[in-house]
Amino acid sequence: MVAENEQLYGLKSQYAEKYGFSDPENYVFKARKGLDEEIVREISWMKGEPEWMLDLRLRSLEIFRSKPMPTWGADLSQINFDDIYYYLRATDRQESNWDDVPEDIKRTFDRLGIPEAEQKFLAGVGAQYESEVVYHKVHEDLERQGVIFLDMDSGLREHEDIVREYFGTIIPPTDNKFAALNTAVWSGGSFVYVPAGKHIEMPLQAYFRINARNMGQFERTLIIVEEGASVHYVEGCTAPIYSEESLHSAVVEIIIKEGGNCRYTTIQNWANNVYNLVTKRAVAYRDAQMYWVDGNLGSKVTMKYPSVYLMEPGAHGEVLSIAFAGKGQHQDAGAKMVHNAPHTTSQVISKSISMDGGRASYRGLLKVYEGAHDSRSHVVCDALLLDERSRSDTYPYIEINEERVSVGHEASVSKVNEDQLFYLMSRGLSEEEANVMVVTGFIEPFVKELPMEYAIELNRLIALQMEGSIG
Amino acid sequence: MGSVLEIRNLHVNVEDQPILNGVNLIIKQGEIHALMGPNGSGKSTLAYTLMGHPAYEVTGGEVIFKGENILELEPDERAHLGLFLAFQYPVAIPGVSVANFLRTAINARRKLEDPNDKGISIPEFRRLLTKKMDQLKMDHGFAGRYLNDGFSGGEKKRAEILQLATLEPEIAILDETDSGLDIDALRIVAEGVDALAGPNLGVLVITHYQRILNYIKPQFVHVMFDGRIVESGGPDLALQLEEAGYDWVREKYAGAAQ
């Protein structure tokens, strides 16, 4: 009830200190820069993959090459695909005991607080460093119940039949240029399988860390929630601050069967030199529910539009997102809801904050197919501008081919007004604290959807972002 | 000796129009002053100017508090010195609970006094807030509501008094705290202020009507007209205004202002 964000004020570190550090590279394998068939074959060979996966990778490479760069959305013209390392392996083993993880990598995750969080409130943890998952552990009782939580490479090795059935079926490589790129060079990510009727109470968490310069990280995640099962998956990500740019291009595919429930929470906090170009999509079958809770704080450019395809009656999809665009950042984020069956429902609540010349765009698609009668959708976009130099745009695309539907769209843009600041400052808050407070209140509907630990972390990150940038 | 707020020959423009034309007033800790006057005489302008609203342009004079000309200070610095303004129109801060807000305000001051302060602990703060809410006969659920968001007129004014009680300033300005309240709400709010009054609190009650002064008993009553304090006296002056209205003030001083 009473104020959780006690750490919010008095925080005097910067991103550089907390997340922006880097380790020396003592890597067991570093592919040369650039992308071609040989690199793709090398990655697949290193992983000892089945032939069909190599074929899929090579096909995807061709698709990647043939697709033009997207010219809508954010400016991607500065990405030089030849100047990127597509595969870096920092250690040749994956551990399930932090003490066995190489010392410098362990220290990194210690500094990020991952082992501590694991002990306190997580059902399982995967920690990815560069291209490979270096640590993975899931509670034994979940394993006994048949829950699978592995890194994607191990998932492919140990459960090839399941992976082959679903991999690339929700987001095929032809979907977009970056989905093709990911499919060609993917490495790491999570494989989650929740058997029918199983409810995982505590979240599973994956943490993604880029360390090297000019790194490309291409994790691939596949989550399958069987009938009547439920899971909450959380991901976090950070990187050092370099002048060179890094690329993060993930693909996340989720299948939720009848009556299942999946919540996928992201706290994206990449350094401001990372291009974050991610494709996330879920399909929800009869009475299934999908919740994307998506927080975008970091990166130079983010393009991400979590989607839910509502395939059978009773399916429900939600996206609750915030985007925070500061100096030099462009957050082009949003949501896609596709109603493919009658009696399906969806809701999008998107909040963006722009300050210090940053730009936040909401880009959303609502599609209702013919025959998806009695479907309902509600979209709310609220933007908050902290100064005159910053920018906010809304691009809502609505395509409805059915008459008996109920659709609502609301959008608002507001500014922190002088009277709010004066009121808060008259109580002793500094201008910066007053701004943080208005922003904290603005994103409260998002924050209260997070587990408490993440809520505290998020408020802290927002304060960190705003620190020293006002006045 | 307690703190003193001294307003010396204060001139203020709003949008290039002169509103205050030389205000002089001294308020000491422990005293209760009432500032009355017809609408448009500059009462609220004085309140906002004392707290430092950026839209009010000081063109002359000074305001001395604790030996400092506070006109040079930001609103938060004035608050830290011990000044408080209960707003006539409190501003809504959606998503921020009353409790969260008050705790942040308390911590901001503690931090200023001691940079190493870790802030008030949650149990300690909860005890403090509960005590203050009980004092003001407020429902505890109030603490969890978003600040002034969807509050009724009476709730907004009570929230202001709760902030006053919690932040414990030395000099408090109540800007038309009685406006828009029915008689029951007025009584509750006024009794709340009365309970807080004492040797450690100086109060400037700004009001158009005499009725709030039945509960908050001022030792000094001032009448403002045309941006100046034109009459000062004891409690009798308020009763005189209640009976005779402001017409005699207008007649007596309208000419003088020309």
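The values are calculated or read from the model by the stated rules, or taken from the named source; none is laboratory data. Small disclaimer: the values here were computed from a predicted structure and weren't measured. With ideal geometry, Cβ positions are generated from the backbone for all residues, glycine too; neighbour counts draw on all protein chains shown.
Checking each residue in the range B:44-96 for being in a strand (DSSP E or B), farther than 15 Å from B:Ile7 by Cβ and more than 8 Å from every other protein chain (Cβ to nearest Cβ) picks out B:Glu57, B:Ala86. Taken together, the residues in the range A:417-442 that are assigned to a loop (DSSP other than H, G, I, E, B) and buried (at least 22 other Cβ atoms within 10 Å of the Cβ) amount to 4.
If only residues of the range A:224-253 that are under 25 Å from A:Ala180 (Cβ atoms), part of a loop (DSSP other than H, G, I, E, B) and modelled with pLDDT of 90 or more are counted, the one that is nearest to the chain's Cα centre (by Cα) is A:Ala250. Scanning the range A:174-190 for residues that are under 15 Å from A:Ser44 (Cα atoms) and of a type in the set (S, T, N, Q) returns A:Asn182, A:Thr183, A:Ser187.
Just one of the listed residues (A:Asp75, A:Asp55) is more than 26 Å from A:Ala127 (Cα to Cα), assigned to a loop (DSSP other than H, G, I, E, B) and of a type in the set (D, E, K, R), namely A:Asp75. The one condition from (1) touching a helix residue (DSSP H, G or I) at 6+ places or on another chain (Cβ under 6 Å); (2) assigned by TED's automatic domain parsing to the domain that holds B:Thr130 that B:Ala190 does not meet is (2). Where strands (runs of 3 or more DSSP E) fall wholly inside the range A:86-152, no range has 3 or more residues that are basic (Lys, Arg) and buried (at least 18 other Cβ atoms within 10 Å of the Cβ). Being in contact (Cβ under 8 Å) with a residue 60 or more places away in the chain, over 30 Å from A:Leu76 (Cα atoms) and touching a Phe, Trp or Tyr at 6+ places or on another chain (Cβ under 9 Å) is the requirement here; does A:Val234 meet it? Criteria not met by A:Val234.
Residues of the range B:135-153 that are assigned to a helix (DSSP H, G or I) and either of a type in the set (Ser, Thr, Tyr) or within 9 Å of chain A (Cβ to nearest Cβ) (or both): B:Ala143, B:Gly144. With respect to A:Val308, determine if the residue is at pLDDT 95 or above, surrounded by 24 or more Cβ atoms within 10 Å (Cβ to Cβ) and closer than 18 Å to A:Phe442 by Cβ. No; evaluated as a whole, the condition is false for this residue.
Taken over the range A:370-426, the criterion of being under 18 Å from A:Ala323 (Cβ atoms), within 14 Å of chain B (Cβ to nearest Cβ) and either of a type in the set (Phe, Trp, Tyr) or touching a Lys or Arg at 6+ places or on another chain (Cβ under 7 Å) (or both) is satisfied by A:Asp382 alone.
Taken together, A:Thr183, A:Thr174, A:Thr221, A:Thr169 contain a single residue that is of a type in the set (Val, Ile, Thr) and in a helix (DSSP H, G or I), which is A:Thr183. Among the residues making up the range B:1-44, those that are β-branched (Val, Ile, Thr) and either within 29 Å of B:Ala244 (Cα to Cα) or in contact with a Pro (Cβ under 6 Å, 6 or more places away or on another chain) (or both) are B:Ile7, B:Ile19, B:Val23, B:Ile26, B:Ile27, B:Ile32.
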